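Accompanying notes for the structure given below.
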Amino acid sequence: MRLRQLVFVSKERDRLAKEICDVFDLKEAYNDPGLISFGLENVLIPLNDTFFEIVTPVQENTTAERFFEKTGGEGGYMIIVDVEDFEHENERVENSEIRIIWNGDRQEEGIHARTIHLHPKQVGGAILSLDKMIPENEWLWAGTKWKEHINNSLVDCISGVILQSSDPDKLCSQWELALGKERDSDTKLNISLDQSNISFVEDLNSKVDGIYAFVIKALDRNAILENAKLKGFLVNNEISIGGVKIILE
């Protein structure tokens, strides 16, 4: 089980995609026409075999549109976790207190994709999706040619996400239940996954739980910081883009 895709929501998909690609020297890979069924348009940007996604609502009364009403701006929206045994995770969630709000099954060009979306109010902080691809080295949400668009000049991959809450201990407990994982220790609000982790911090300034930061492995930290500074996304030596802080490992 590991983080595979982190999702921004923005009303200006193309503008935000260009900003992300400019700062981190990445390339756009795919627009999924299937998202129109959710009232959304998107773009996928690979970071090695992990992905940033940007979604934009194009119809009224979508979950993404309600996100803007609640938060007042763009930001982190969804967390997609790649699981080893989809049937096991699906059964585990069905037998838990958390409701599955969408179950997807898609096959295309020899790739079989399975996914479940968990109820965001019961998990908290973001929409959580548990996904599985067969073959495992594919990722249908990014199309079938995403490997041609990988550029590892400045960054390697997604390695973490940080959620904020006025009660981070409670939020961590909800994610433990959703993922079937225990936190690292009683004193550390962190859930370790393969090659990645999900952590939780306190935020007393907001009544709404949400995503604070995406964490990525940097291959050239100085070049990224310089790009962010030139583009106006570096404040107090922190990168903030698309309503989310980007932390470099």
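When residues in segment 113-122 are screened for being out of contact with any Leu (no Cβ under 8 Å at 6 or more places or on another chain) and at pLDDT 95 or above, 3 of them pass. Please tell me if Ser185 is over 29 Å from Glu28 (Cα atoms) and either aliphatic (A, V, I, L, M) or buried (at least 20 other Cβ atoms within 10 Å of the Cβ) (or both). No. Would you mind stating whether Ala64 is buried (at least 19 other Cβ atoms within 10 Å of the Cβ) and either free of Cβ contacts under 8 Å to residues at least 40 places away in the same chain or of a type in the set (S, T, N, Q) (or both)? For Ala64, the condition - buried (at least 19 other Cβ atoms within 10 Å of the Cβ) and either free of Cβ contacts under 8 Å to residues at least 40 places away in the same chain or of a type in the set (S, T, N, Q) (or both) - is not met. For segment 84-135, the set of residues classified as farther than 20 Å from Trp175 by Cβ and either of a type in the set (Val, Ile, Thr) or more than 19 Å from the chain's Cα centre (by Cα) (or both) consists of Glu87, Asp105, Arg106, Gln107, Glu108, Glu109, Gly110, Ile111, His112, Ile134, Pro135, listed by residue number. Counting only strands (runs of 3 or more DSSP E) that sit completely within segment 185-249, those holding 3 or more residues that are among the β-branched types (Val, Ile, Thr) correspond to 210-218, 244-248. Of the helices (runs of 4 or more DSSP H) lying entirely inside segment 47-157, those containing at least 2 residues that are among the hydroxyl-bearing types (Ser, Thr, Tyr) are 63-71.
Kindly indicate whether Ser159 is more than 24 Å from Glu97 (Cβ to Cβ), surrounded by 14 or more Cβ atoms within 10 Å (Cβ to Cβ), in contact with a Leu (Cβ under 7 Å, 6 or more places away or on another chain) and not hydrophobic (A, V, I, L, M, F, W, C).
no
From the list Gln164, Gln174, which one is assigned to a helix (DSSP H, G or I) and within 20 Å of Met78 (Cα to Cα)?
From the options Gln164, Gln174, the qualifying one is Gln174.
Taking first residues from segment 143-155 that are at positive phi and partners that are of a type in the set (A, V, I, L, M, F, W, C), the Cβ contacts under 9 Å between residues at least 6 apart in sequence or on separate chains come to Gly143/Ala29; Gly143/Leu44.
The values are calculated or read from the model by the stated rules, or taken from the named source; none is laboratory data. Just so it is clear, the model here is predicted, and its values are computed rather than measured. So basically every Cβ, Gly included, is an ideal-geometry build from the backbone, and we count neighbours across all protein chains shown.
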